[in-house]
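Data block below; observations after.
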Amino acid sequence: MESAPMITRGPGWKGTMARVLWRYYGDIAQRLKSPRSRFIVFGSAIAAHLKNALNRSGGELWLRTSLVELLRGPDGAIEGAIVARDGRQLRIRTHNGVILGAGGFERNQTMRNKYLPGDSREIFSASQENNTGDAIQAGMRIGAATDLMDEAWWAPTVRVPGEDTARPLFYERALPGCIIVNQAGDRYMNEARSYDIAGKAIRSGHRRTIRH
């Protein structure tokens, strides 16, 4: 991973940074079209492969379209969905079922209050604003089972004035010399632990020391 040596200034970080900058600015054809790089990794790479597969199959991608409800057939099987698009509600019928690429509910304060109790506010989230749990709720309304609703991809975040989305601290919390303290100024966790353990420690540590 190229970001790790650059953030930590590990051995060879200057050469790594030079290669990254050259790859970006050296792609003149792309720079004339967009500031976005054609070199993508992680989740963006997965999304790109899915989009390419959709293109090959002749599928159509609808943006700015929200799920309203799943449709049941006479036998109880799911045979489509109602979606909201361009100010209208549309019924879409399917033959082989519906896949819910649900995302999370971190931008839904009501669901956060229910499944992530404590001082858990949606303004803390570093995710995009449309993760409001619509698909999860649609599935629950038809009796679909859920699990691990109290789990998340945890990360400390900071809010920059004027920005709508918080910034996550993935590497920063585990860098040498960085510590996390509670409101009393006490260090209460190993900052290098995995995200799930660190997130639970932050939440429990906050609840123990919060003052009203």
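Derivation of every value follows stated rules applied to the coordinates shown; laboratory data play no part. Here the structure is a predicted model, which means the values were calculated and not measured. We place every Cβ from the backbone using ideal geometry, glycine too, and count neighbours over all the protein chains shown.
Couple of notes before you dig in:
- In summary, the aspartates and glutamates within cross-link reach of Lys51, defined as a Cα separation below 16 angstrom excluding same-chain residues under 8 places away, comprise Glu60.
- Of all lysines in the structure, the ones whose alpha carbon falls short of 29 Å from that of Lys14, not counting any fewer than 8 places away in one chain, are Lys33.
- A Cα-only calculation for the chain places Rg and Dmax at 21.7, 64 Å.
- Across all directions, the shadow cast by the convex hull of segment 1-81 built on its C-alpha atoms averages 9.4 square nanometres.
- The chain: relative contact order in percent, alpha carbon pairs under 8 Å with at least 6 residues between: 11 percent
- Loop-located trypsin sites (Lys or Arg not before Pro) in segment 88-147 (DSSP state other than H, G, I, E, B) with a sparse environment of at most 14 neighbouring Cβ atoms within 10 Å: Arg121.
- Charge tally for Asp86 (other residues, Cβ to Cβ under 15 Å; Lys, Arg +1; Asp, Glu -1): +3.
- Coil-residue GluC sites (Glu not before Pro) of segment 1-79, DSSP, other Cβ within 10 Å capped at 15: Glu2, Glu60
- C-alpha center-to-center spacing [segment 1-47, segment 122-155] in angstrom: 31 Å
- Neighbour-limited loop hits for GluC sites (Glu not before Pro), segment 91-169 (at most 16 other Cβ within 10 Å; DSSP other than H, G, I, E, B): Glu129, Glu151, Glu163
- For segment 116-212, the Stokes-Einstein estimate of translational diffusion at 25 °C and a viscosity of 0.890 mPa s comes to 160 µm²/s, using the Kirkwood hydrodynamic radius over alpha-carbon pairs.
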